[in-house]
Amino acid sequence: MRRIKEIFYSLQGEGAHTGVPSVFIRFCGCNLRCSFCDTDHSGGVDMTDEEIATEAASYPAEWIILTGGEPTLSIDDEFVSFLKEKTGKRIAIETNGTNPVPESVDWVTVSPKNGFPGGGDNPIRAARADELKVVEVGQDLEGYFHLPCVDEATRMYLQPCFLEDVGECVANRERTIRRVLSDPRWTLSVQMHRFLDIP
């Protein structure tokens, strides 16, 4: 049994696959407690692997996105391979990178939280990142290019931190845009689903 917060069908709102129809499997629980986290870690239901796969297979998307919380606390290679076999879909993961990622995952998004309030100083243990998605809050950015999961093929995304206060949120967005323009190694990522008001 695995503790699942929700399974839903929507468009990926961030990063390299923005706009791609995807099945999101959101796991409960996280090993970090970041101050800006927008995920409710309480509740959820226990589901068997068969139940998870059956629901994920009911949607027409090519991609399943394992997210959380922190999905690496709940999955392994056996589970990822089972999902692929039962659904015929490709598997992506959104992780803070502090745990190893099953090798059978097709696309790895690492969003490191080191140096953030509640993010701790846990080392990055993910072996690879197809994309690095950094939530921008004014921190020094150079260190992200030297993380062990980053290589020349990693796509580097800088994303404004969303805040409920409209003024602060706009200021964050404007600062992030300036930083991307000043350092073209980054690509801007925005949370498209917020602008479209979709899950």
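Can you tell me the 0 to 90 degree angle between the C-alpha axis of helix 166-182 and the longest principal axis of the chain, rounded to 10?
Helix 166-182 sits roughly 80 degrees off the main axis of the chain.
Could you calculate the contour length gain from residue 99 to residue 42, that is, 0.36 nm times the residue separation minus the distance between their Cα atoms, to one decimal place in nm?
Taking 0.36 nm per residue and subtracting the Cα distance, the gain is 18.4 nm.
Normalised by the residues of region 2-155, what does the relative contact order come to in percent, with Cα pairs under 8 Å and at least six apart?
Numbers: 309 pairs, mean separation 29.7, N = 154.
About 19 percent, as a whole number.
Nearest 10 degrees, 0 to 90: what angle lies between the long axis of helix 77-87 and the longest principal axis of the chain (Cα atoms)?
With both axes taken from Cα atoms, the answer is about 70 degrees.
Excluding same-chain residues fewer than 8 positions from residue 84, which lysines have a Cα within less than 28 Å of its Cα?
By straight Cα distance, residue 84 reaches 5, 133.
Subtract the Cα-Cα distance of residue 178 and residue 137 from 0.36 nm times their separation in residues, and report this length gain in nm to one decimal.
Difference between extended and current length: 13.5 nm.
Could you tell me what percent of the DSSP beta bridges with both partners in the chain are antiparallel, to the nearest 5?
Rounded to the nearest five, the antiparallel share is 30 percent.
Which of the peptides 143-150, 124-131, 20-27 is most tightly packed, and how do the rest follow, judged by the mean count of other Cβ atoms within 10 Å per residue?
20-27, 124-131, 143-150
At 0.36 nm per residue, and after removing the present C-alpha to C-alpha distance, how many nm does the segment from residue 77 to residue 145 gain when stretched out fully?
Gain on extension, residue 77 to residue 145, equals 21.7 nm.
Applying a 10 Å radius around every beta-carbon, put 5-12, 53-60, 135-142 in order of their mean neighbour count, most first. Present the calculation step by step, with values, prior to reporting the outcome.
Numbers: 5-12: 17.0, 53-60: 15.4, 135-142: 13.9.
Highest mean packing first, the order is 5-12, 53-60, 135-142.
No lab work stands behind these numbers, since they all come straight from the coordinates. These numbers were taken from a predicted model, which means no experiment stands behind them. Positions of Cβ are generated from backbone atoms using ideal geometry, with glycine treated the same way; all protein chains shown enter the neighbour counts.
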